[in-house]
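Only one structure is covered here, and it is reproduced in the block below.
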Amino acid sequence: MTARKFDITEQVLKSMKPANARFGVVMSALVRHLHDFVREVELEEAELMAAIEFLTKAGQICTAKRQEFVLLSDTLGVSILVDAINNRLPESATQQTVLGPYYWKGAPELPMGSDLARGVIGEPCFYSGTMLTLDDGPIEGAVLDIWSGDGEGNYDMQLGSDEMRARGRLATGPDGKYWFRSIKPFYYPVPTDGPVGSMLAAMGRHPNRPRHIHFIVSASGYKSIVTHLFPSDGPYLDSDVVFGVKQGLIVDFKRHEPGMAPTGEQVDVPFWTCEYDFRLVRGEQRAA
Ligand SMILES: [Fe+2]
């Protein structure tokens, strides 16, 4: 009697009758890599149980405003890798980065020049620039969906607020220009009270993100982009816990003594300005 070849990976792959070709490609690769991983580390039974408990806890801690699996994907570098594969933009275009867990759909539509902070703590900052095509033409009707934490790095939803803070949507006019007031963003740790926080600690990693303000920029006839701007000062630019920093998104914020802001308003404390021109690629607009 000939010995029967017992290859569990082959058996799993053969058992599949995928619903569609792409699902078959993804699942068969997942099974092969997962089995190779288990073989490489010779996974112990207790380690498998620990992994199952980790994923169970990740699911249990998720709420409408807390997404531990996004955090897991971000902190393992998977989100930014998927972005890199799916958004190969020309070098001269504004680059994408991670969405992050604090996007809140439906920010108020505000007139250009508005103060998004509206009393949120933090150093005042005046943002301005132009929405441009890759050949430097202005883009009319581009919408900036903007959000950031406060000057201590806390987002409204983390503070249990039902009211949006430091968020807003602005649309450009024929000259493509945008300008608004908010605060200079602060660095902050990602949530560390869940299983991802424990994972980071066990890996010997800090949980911090550098200072940044978020944007989703969209315009009819152009590819929408999810991105940040990072002030060039402050810690963690070279060790962002979600690997979201890209050189072209780092901006020198300029500090000013109290006085007249670019909007013409008088500011009685030191303030900052940030100038950045967004460059969009023609193409299909994705739903934000
Ligand atoms: Fe953020």
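Here are a few things to note about the model shown:
- Criterion: over 18 Å from residue 191 (Cα atoms) and buried (at least 20 other Cβ atoms within 10 Å of the Cβ) - qualifying residue of 124, 138: 124
- Checked against (1) away from the ligand (no atom under 15 Å from the Cβ); (2) assigned to a helix (DSSP H, G or I), residue 174 passes all but condition (2).
- Residue match in the range 199-212 (condition: more than 23 Å from residue 72 (Cβ to Cβ), in a loop (DSSP other than H, G, I, E, B) and within 19 Å of the chain's Cα centre (by Cα)): yes
- Residue match in the range 178-187 (condition: touching a Lys or Arg at 6+ places or on another chain (Cβ under 8 Å) and away from the ligand (no atom under 11 Å from the Cβ)): yes
- Against the test of being in contact (Cβ under 8 Å) with a residue 12 or more places away in the chain, away from the ligand (no atom under 16 Å from the Cβ), in contact with a Phe, Trp or Tyr (Cβ under 9 Å, 6 or more places away or on another chain) and not assigned by TED's automatic domain parsing to the domain that holds residue 174, the options 129, 77 yield a single qualifying residue, 77.
- Considering the conditions (1) under 15 Å from the mean Cα position of the chain (by Cα); (2) buried (at least 17 other Cβ atoms within 10 Å of the Cβ); (3) away from the ligand (no atom under 16 Å from the Cβ), residue 96 is excluded by exactly one of them, (3).
- Single match in 220, 232 (criterion: over 23 Å from residue 166 (Cα atoms), polar (S, T, N, Q) and surrounded by fewer than 19 Cβ atoms within 10 Å (Cβ to Cβ)): 220
- Residue pairs whose Cβ atoms lie under 7 Å apart, sitting 6 or more positions apart in sequence or on different chains, and linking a residue in the range 220-244 that is in contact (Cβ under 8 Å) with a residue 12 or more places away in the chain to a partner that is charged (D, E, K, R) and assigned to a strand (DSSP E or B), are 221/282; 222/282; 236/209; 240/209; 241/209; 242/209.
- Residues in the range 133-168 that are under 22 Å from residue 271 (Cα atoms) and either more than 16 Å from the ligand (Cβ to nearest atom) or part of a loop (DSSP other than H, G, I, E, B) (or both): 148, 149, 150, 151, 152, 153, 154, 155, 165, 166.
- Selection count where residues are more than 13 Å from the ligand (Cβ to nearest atom), out of contact with any Leu (no Cβ under 8 Å at 6 or more places or on another chain) and closer than 15 Å to residue 187 by Cα, scope the range 232-251: 8
The values are calculated or read from the model by the stated rules, or taken from the named source; none is laboratory data. Here the structure is a predicted model, which is why all the values come from computation and not from measurement. Note: ideal-geometry Cβ built from the backbone for every residue, glycine included; neighbour counts use all protein chains shown.
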